1. Would you say LEU31 is open to solvent by less than 30 Å² (accessible area, probe 1.4 Å), part of a strand (DSSP E or B) and of a type outside the set (Phe, Trp, Tyr)?
2. Looking at LEU108, LEU196, LEU133, LEU161 in this structure, which one is within 17 Å of the chain's Cα centre (by Cα) and modelled with pLDDT of 75 or more?
3. Of all residues in the stretch 116-155, count the ones that are of a type outside the set (A, V, I, L, M), under 17 Å from SER68 (Cα atoms) and open to solvent by 30 Å² or more (accessible area, probe 1.4 Å).
4. List, please: which pairs have Cβ atoms under 6 Å, are six or more places apart or on different chains, and start with a residue in the stretch 156-167 that is farther than 15 Å from ARG120 by Cβ and touching a residue at least 12 places away in the same chain (Cβ under 8 Å) and end with one that is open to solvent by 30 Å² or more (accessible area, probe 1.4 Å) and aliphatic (A, V, I, L, M)?
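The values are calculated or read from the model by the stated rules, or taken from the named source; none is laboratory data. Since the model is a prediction, treat every value here as computed from it, not as a measurement. For neighbour counting, all protein chains shown are included, and Cβ atoms are generated from backbone atoms with ideal geometry for every residue, glycine included. Areas reflect the complete protein model, heavy atoms only, side chains present, ligands, DNA and RNA absent. Shrake-Rupley method; radii C 1.70, N 1.55, O 1.52, S 1.80 Å.
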Amino acid sequence: TRRTYMPILSVEDHVDPDGEIPCAAGFQIFLRNSCLHGVTVMRAQNASNSLPMDIFIFSSLLQFLAASIGAPVGTYSHLSTTFHIFEVDRSVTREVVDHPSSVIGVGLGDPQGLPHELDRLLDFEKQLRDRVLEQNHQAIDSFIRTDISLQSELGRCLHRLLLAIALKKTDQQDRIESLGLPSEVRDLLGTSIARLAI
């Protein structure tokens, strides 16, 4: 169908000049030759900071939607009508340009099966977030020992990632290694950029 365009930027966003306007204008999916393809349209894009996160989020959404209908993932396109870099990000941007091998690629696993487990994972995230806000270390320990029976590869990785973020936010970084996260995810959690984003 041609109707699968999901608008994010709305007419109301233009009414209040002081309001925060979404950078993403919309996301569209197409089922062509039995594969699900995705296109994101950005009205503006922070090239040094939010570009990697936005591509990750929308391409992950494409994978999730494809898995939910049992279709292979096709192509993903990310269109930005304008790119910008803020002065505060200039040094990080220069580091990436000068040392491209320092860029970390993160793969969180196959999304197949996650759509059926998402409610369970979201409920877990809410409960865990509440315990983190309370700084309740004992409850977080209990969450680490509890199996929430996730079968999908992506679901299990997201579960461990949520636990790692909880440990990081409660100053227990030394315990993250025991969660068995992929090395590239552990590396990402240790970067200064991750400390700002999480």
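1. no
2. Going through LEU108, LEU196, LEU133, LEU161 in turn, just one is within 17 Å of the chain's Cα centre (by Cα) and modelled with pLDDT of 75 or more: LEU161.
3. So the first thing to find is which residues in the stretch 116-155 are of a type outside the set (A, V, I, L, M), and the list is 116-117, 119-120, 123-127, 129-131, 134-138, 141-143, 145-147, 149, 151-153, 155.
Remaining after also requiring under 17 Å from SER68 (Cα atoms): 116-117, 119-120, 151-153, 155.
From what's left, open to solvent by 30 Å² or more (accessible area, probe 1.4 Å): 116, 119-120, 151, 153.
Number of matching residues: 5.
4. Pairs found: ILE165/ILE198.
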